[in-house]
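The values are calculated or read from the model by the stated rules, or taken from the named source; none is laboratory data. The shown structure was predicted, so the numbers you read here are calculated from the model rather than taken from an experiment. Virtual Cβ from ideal backbone geometry, glycine too; neighbours counted across all protein chains shown. Each accessible area value is taken on the protein alone, full model and side chains, heavy atoms only, with ligands, DNA and RNA left out. Shrake-Rupley method; radii C 1.70, N 1.55, O 1.52, S 1.80 Å.
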Amino acid sequence: MAASEDIAELSAMVRQFADDQIAPHAGQWDRDKHFPVDVLKAAGELGLGGIWVAEDVGGSGLTRADGVRIFEQLATACPTVAAYISIHNMATSMIDTAGTQEQRERWIPGLASMGQLASYCLTEAGAGSDAAALRTTARAVDDGYMLDGAKQFISGAGTSAVYVVMARTGGSGAKGVSAFVVPADAEGLSFGANEAKMGWNAQPTREVVLDGVHVPADHLLGEEGQGFAIAMRGLDGGRLNIAACSLGGAQAAFDAALAHLRTREAFGGPLIEQQSLQFALADMATKLHASRLMLHDAADALDAGAPGASATCAMTKRFVTDSCFEVANSALQLFGGYGYLWEYGVEKIVRDLRVHQILEGTNEIMQVVLARSLVKGRR
Amino acid sequence: MNIVVCVKYVPDAQSERAFTEDNTTDREGVDGLLSELDEYAIEEALKIAEAGEGEVTVLTVGPDDAAEAVKKALQMGADKGVHILDEAIAGSDAPATSLVLAEAIKKIGSPDLVLTGMASTDGTMSVVPAMLAERLGLPQVTFASELTVEGEGVKIRRDGDSSTETIESSLPALVSVTDQINEPRYPSFKGIMAAKKKPVETWGLSDLGVDAGQVGQANAWTAVLETTKRPPREQGEVVADEGDGGTKLAEFLAAQKFV
């Protein structure tokens, strides 16, 4: 599998949608902490809610290679909205790949259309990078499971209709974890306050509290003990999408900086004639290009199910999110004092991209994933 | 309900548009696209078809690249396309264009409804819909900002400067729609991929029984003698406020007859 033959047209459509429906509002959404569920629904109607999900349940049936190109375009308008769509897709495709036909038919049509939203619930207050140490429990009861615990930093929490929750059904470690679908109306499910954050303001981040939440047995995804593997498989692709969101944001910051240097006059001419700034632009363009190449290559590896794809995704996520943060930060510098003003949009991109170096596995954990495969001689 | 939507491929209004040596629109040197005003007609047709049963056929007259306008409409959801392509048509005026469209619509069949945009974004004459209705012998119901199909007829709202008219017509009819009527959809992923499999027919003048002598620049009823580039916008007048800024502003507005 590779990018579909229609990818140029699909990307162009997504860019048009992003330019028209997201970019003009992104600054205000950031300021107002507004989660644009109506725009997400419109995105769902275009096929953005289940990009890799099979078509029989309303998905778009595209490839990972298509996905990274699509997310790059979306993120040029707002990395935060694009990243939320990525997370929604990750949770949705976990149900698609790990769920039974009955589970797929029950939940995915609503999620693929984005009439309903999904949240991915792995991290806990005491289990971040060491996710396998999670303490949320799922106790087998007569007609299903009883979930107790709390999940931290959950995107979309409080708004989502469906929560994919990783909880412990067995002993300690990764093999004791199972994945569950918890509907929003489950009794005992509640949410913390919307976190005050550095960026990513156009999507809510809350704690998800499970206090004796009962789910029927048919809400278990896969089998008991498979939850951690399901969650990690989801993250491989999720990491590429987050990286693609960094690339789109950085490209937008670069384009804005370039336009600024062309028109801003100082020292008797446009700033773009200053060679030191030209060197900065050259370095930024190189980072963007290298990021794009790595992303496309890693997506191909994931599509092909190549051995070592997880390690490739990990090195890509680290390189791209680090490099693109640097590009966005350089763009802010090239804007001078204006770059620091909210009104010009560049500082927002820097704030939004900063968290991509932390979430979906910190960039240090990316080094761990990659190094582990090197030590085991898998590369 | 079978609907034919007439669309036009035009030079992108965002780009540097120009004329060729024979004073016709330059359609080669600039990027083209489906006239934005036609997207409203396509959207309206799709909404009507989706609400009931029927088929939406999109029709265009234009050079090779005009196939892109048909493709966009198919991506949005139209069922099939017809492209009238014939070198003899180049430079046609509105009467000739309406003749070709009318003959094409007759060949497509007898639609219940013919929809058009309110104008093209390049010519912006708004006359082709009226001419086309006349040639087809259909009631012409133009500039609809609202359209409802009721039984065997249509009802539209037409917004004027000082009044709003409600106009009813029997079907079949021709309706041109304004940019106030709806919010055109974006093509979805599925729409883009499905469009490639939809049927598009390409017909020439001989397929329509139209004589080359009835169309084209040489046979046009009107001719463009010369074109002049719009002069660049001049810098406006700056009023310095020395305590009497409001008065100066009011004087300026009064002098320009704005107040």
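Which order do the peptides B:242-253, B:110-121, A:24-35 come out in when sorted by mean C-beta neighbours inside 10 angstrom, highest first?
Details: B:242-253: 10.9, B:110-121: 22.6, A:24-35: 16.2.
Ranking, from highest mean packing down: B:110-121, A:24-35, B:242-253.
Express the accessible area of the range B:2-219 per residue in Å², computed with a 1.4 Å probe while the remaining protein chains stay in the model. Intermediate results must be reported in sequence, preceding the final value.
Numbers: 10080 Å² over 218 residues.
Result: 46 Å² per residue.
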Discussion item. Principal axis extents for the range A:228-375, Cα atoms only, whole Å, descending order, please.
Written reply: 59, 26, 24
Worksheet item: So in the protein assembly as shown, what percent of DSSP beta bridges are antiparallel if you round to the nearest 5?
Response: 60 percent
Worksheet item: For the range A:119-225, what are the per-bin percents of Cα-Cα distances with bins 10 Å wide, up to the bin holding the maximum?
Response: 16, 50, 28, 6, 0
Worksheet item: Is there a simple number for the mean count of other chain Cβ atoms within 10 Å of the Cβ of residues in B:179-189, and what is it?
Response: 4
Worksheet item: Using the alpha carbon gyration tensor of the range B:62-181, what are the three equivalent-ellipsoid semi-axes (square root of 5 times each eigenvalue), largest first, in whole Å?
Response: 25, 16, 15
Worksheet item: For A:G27, what charge total do you get from the other residues with a beta carbon under 15 Å from its beta carbon, if Lys and Arg give +1 and Asp and Glu give -1?
Response: -2
Worksheet entry | Under 12 Å, Cβ to Cβ, from A:M90 - net charge with Lys/Arg +1 and Asp/Glu -1 | 0
Worksheet item: How many partner chain Cβ atoms sit within 10 Å of a residue's Cβ in peptide A:38-47, on average, as a whole number?
Response: 2
Worksheet item: Which part of the range A:122-162 falls in the paramagnetic zone of A:A184, meaning amide N under 19 Å from the point 7 Å along Cα-to-beta-carbon?
Response: A:122, A:151-162
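Efficiency by 1/(1 + (r/R0)^6): what FRET value for A:D283 and A:H214, r their Cβ-Cβ distance, R0 = 45 Å, to the nearest 0.05?
Values: r = 56 Å, r/R0 = 1.23.
Computed FRET efficiency for A:D283 and A:H214 comes out at 0.20.
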Response to the item:
Site A:A266, offset 7 angstrom along Cα→Cβ, radius 20 Å on amide nitrogen, limited to the range A:337-362, gives A:337-348, A:350
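Quick check of the Kirkwood formula: for chain A, what is the inverse mean of 1/r over all pairs of different Cα atoms, in Å? Please report the intermediate quantities before stating the final value.
Working: mean 1/r = 0.0475 Å⁻¹.
Evaluated on chain A, it is 21.1 Å.
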Response to the item:
Quick P(r) readout (the range A:1-83; Cα-Cα; 10 Å bins; whole %) gives 18, 51, 25, 6, 0
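Below 8 Å, C-alpha to C-alpha, sequence gap of six or more: please give me the relative contact order for the range A:228-375 in percent. Walk me through the intermediate numbers first.
On the way: 170 pairs, mean separation 49.0, N = 148.
It comes to 33 percent, rounded to a whole number.
Give the peptides B:131-144, A:314-327 in descending order of average Cβ contacts within 10 Å, highest first.
Values: B:131-144: 19.2, A:314-327: 24.4.
Taking the mean over residues of other Cβ atoms within 10 Å, the ranking is A:314-327, B:131-144.
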Worksheet item: Where in the range A:152-216 are there GluC sites (Glu not before Pro) that are in a DSSP coil and have at most 11 other Cβ atoms within 10 angstrom of their Cβ?
Response: A:E187
Discussion item. Averaged across A:11-23, how many Cβ atoms of other chains sit within 10 Å of each residue's Cβ atom?
Written reply: 1
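Diagonalise the Cα gyration tensor of the range B:2-219 and give the resulting equivalent ellipsoid semi-axes, square root of 5 times each eigenvalue, largest first, whole Å.
Details: eigenvalues 127, 77, 68 Å².
Whole-Å semi-axes of the equivalent ellipsoid: 25, 20, 18.
Taking all protein chains in place and a 1.4 Å probe, what share, in percent, of the accessible surface of the range B:2-219 do carbon and sulfur account for? Mind showing how you got there, number by number?
On the way: 4510 of 10080 Å².
In the range B:2-219, the share of accessible area belonging to carbon and sulfur is 45 percent.
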Discussion item. If packing is taken as the average count of other Cβ atoms within 10 Å, what order do B:62-69, A:164-171 fall into, highest mean first?
Written reply: A:164-171, B:62-69
Worksheet item: What net charge is computed for the residues neighbouring A:K41, neighbours being all others with C-beta under 14 Å from the C-beta of A:K41, Lys and Arg scored +1, Asp and Glu -1?
Response: -2
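Eigenvalues of the Cα gyration tensor times 5, then square-rooted: what semi-axes does that give for the protein assembly as shown, in whole angstrom, largest first?
Ellipsoid semi-axes (Å, largest first): 50, 33, 24.
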